[in-house]
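The values are calculated or read from the model by the stated rules, or taken from the named source; none is laboratory data. This is a predicted model, so every value here is computed, not measured. Neighbour counts run over all protein chains shown; Cβ positions are idealised from the backbone, glycine included.
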Amino acid sequence: MNRVSIPDIHEKYEDGESLTMLTAYDAPIARQVDNGGIDMILVGDSAGDNHLGYDDTVPVTLEEALSNTAAVDRAVKNAMVIGDLPFLSYGSSMEESVKNAGRFMKEAGADAVKLETAPYGETSIEIIDRLTELGMPVMGHIGLTPQRMNQIGGGYIQGRDSENSTTVEALLDTAQQIEEAGAFSLVLEAVTEETGKRVTEAVDIPTIGIGAGRYVDGQVLVITDVLGLSEESYRLSKQYADLNSIICEAVESYVDEVQDGVFPASENVFDTIDKED
């Protein structure tokens, strides 16, 4: 079976079907997410604080992002795999931006790339235009852009027209420019529900929300939040399992069995000998 393609995404969008996306950062989790019937897997720079142990997304290197993407690519058969360009892997020059984005497809097996765009972010929009001209599918990303968290000053909801939040009009204009540049879809992160609705109505490409409300064309969540592997919960997310508890219980059981001499048992060893009294 071929992976989900951009025409497949647009067909679902035209038919009014909600699109689904989750993050994954390694092969075992990616395989399970793929088996669950997801449309798209984003190998996000959210790996920084959810997989690699960093405090946020900023420290993630290009090589780490490529390695994560390649691991996911090797495990996935059906879903579209999207590589997320990490902080400062794009924008310093057009040549460097194109080269780094191309590595996600040529070396890591990604089917598309994603990059963040600040309000009226001319540089990012020019990069999207150039990448799509060269045949690289691009997913846009506006609203709360984690790579700019130090500049913004925190995880403020966008579209509120306040000191720490850009206006709905700025996000609308930026979304339309990203569409014109050739992006095939657009992530809206941590925006008011009105913003999500108005942007979705203003563009003719699918909008994928994470904390963007109910009036978008699809949803994306971070896999560690979904599986209950995160240390904290977020209003924009939902926990569908509690793997923290399950894993902790499994490790505690293993420790107990090793200390009590229960593991390994005879069925776990090769060429058994009689146990000495």
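For region 128-142, the count of residues that are over 20 Å from Gly196 (Cβ atoms), under 15 Å from the mean Cα position of the chain (by Cα) and either of a type in the set (Lys, Arg) or assigned to a helix (DSSP H, G or I) (or both) is zero. Consider region 228-253 and keep the residues that are of a type in the set (Ser, Thr, Tyr) and not in a loop (DSSP other than H, G, I, E, B). The one that is surrounded by the fewest Cβ atoms within 10 Å (Cβ to Cβ) is Ser245.
Restricting the search to region 25-40, which residues are under 22 Å from Tyr13 (Cα atoms), outside any helix (DSSP H, G or I) and of a type outside the set (Gly, Ala, Ser)? Give the derivation first.
Step one: list which residues in region 25-40 are under 22 Å from Tyr13 (Cα atoms), which gives 33-40.
Filter once more, so that each one left must be outside any helix (DSSP H, G or I): 36-40.
Ile38, Asp39, Met40 - these are the residues of region 25-40 that are under 22 Å from Tyr13 (Cα atoms), outside any helix (DSSP H, G or I) and of a type outside the set (Gly, Ala, Ser).
Across region 159-175, what is the total count of residues that are surrounded by 23 or more Cβ atoms within 10 Å (Cβ to Cβ) and outside any loop (DSSP other than H, G, I, E, B)? It would help to see each step written out before you state the result.
If we filter region 159-175 for residues that are surrounded by 23 or more Cβ atoms within 10 Å (Cβ to Cβ), which is where we start, we get 159, 166, 171, 174-175.
Going one step further and asking which of them are outside any loop (DSSP other than H, G, I, E, B), we end up with 171, 174-175.
Adding up the residues that qualify gives 3.
Table: residues versus (1) surrounded by fewer than 19 Cβ atoms within 10 Å (Cβ to Cβ); (2) farther than 18 Å from Leu221 by Cα; (3) charged (D, E, K, R).
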position: Thr23; (1), (2), (3): no, no, no
position: Thr57; (1), (2), (3): no, no, no
position: Asp84; (1), (2), (3): no, no, yes
position: Ser89; (1), (2), (3): no, yes, no
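Kindly evaluate Thr174 against the criterion of being under 22 Å from the mean Cα position of the chain (by Cα) and polar (S, T, N, Q). Yes. For Lys197, the conditions (1) over 24 Å from Ser46 (Cα atoms); (2) in contact with a helix residue (DSSP H, G or I) (Cβ under 8 Å, 6 or more places away or on another chain); (3) at pLDDT 95 or above all hold with the exception of (2).
Here Ile178, Ile205 are screened, and the one residue that is farther than 26 Å from Ala27 by Cα, in contact with a Phe, Trp or Tyr (Cβ under 7 Å, 6 or more places away or on another chain) and crowded, with 18+ Cβ neighbours inside 10 Å is Ile205.
Among the candidates Asp225, Asp204, Asp256, the residue that is closer than 30 Å to Thr192 by Cβ and in a helix (DSSP H, G or I) is uniquely Asp225.
If you filter region 102-127 down to residues that are in a helix (DSSP H, G or I) and of a type in the set (Val, Ile, Thr), you find that the one that is farthest from Val72 (Cα to Cα) is Thr123.
Per-residue answers, yes or no, for (1) over 30 Å from Ile6 (Cβ atoms); (2) aliphatic (A, V, I, L, M):
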{"position": "Ile208", "(1), (2)": "no, yes"}
{"position": "Ala241", "(1), (2)": "yes, yes"}
{"position": "Cys248", "(1), (2)": "yes, no"}
{"position": "Gln259", "(1), (2)": "yes, no"}
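Of the residues Asp256, Asp274, Asp242, Asp260, the single one that is under 26 Å from the mean Cα position of the chain (by Cα) and either of a type in the set (Asp, Glu) or closer than 23 Å to Ile29 by Cα (or both) is Asp242.
Once region 181-201 is narrowed to residues that are in contact with a strand residue (DSSP E or B) (Cβ under 8 Å, 6 or more places away or on another chain), assigned to a helix (DSSP H, G or I) and not hydrophobic (A, V, I, L, M, F, W, C), the residue that is surrounded by the most Cβ atoms within 10 Å (Cβ to Cβ) is Thr195.
Tyr156 meets the conditions (1) outside any helix (DSSP H, G or I); (2) under 19 Å from the mean Cα position of the chain (by Cα); (3) not aliphatic (A, V, I, L, M) in every case but one. The failed one is (2).
Check whether at least one residue in region 69-82 is among the charged types (D, E, K, R), in a helix (DSSP H, G or I), in contact with a strand residue (DSSP E or B) (Cβ under 6 Å, 6 or more places away or on another chain) and under 17 Å from Asp111 (Cβ atoms), and report yes or no.
Of all residues in region 69-82, those among the charged types (D, E, K, R) come to 73-74, 77.
With in a helix (DSSP H, G or I) added as a condition, the list becomes 73-74.
Retained after the next criterion (residues that are in contact with a strand residue (DSSP E or B) (Cβ under 6 Å, 6 or more places away or on another chain)): 73.
The next check asks that each one be under 17 Å from Asp111 (Cβ atoms); those that pass are 73.
Yes - at least one qualifying residue is present in region 69-82.
Among the listed residues Thr224, Thr272, Thr200, which satisfies the condition of being touching a Pro at 6+ places or on another chain (Cβ under 9 Å) and polar (S, T, N, Q)? On inspection, the qualifying residue turns out to be Thr200.
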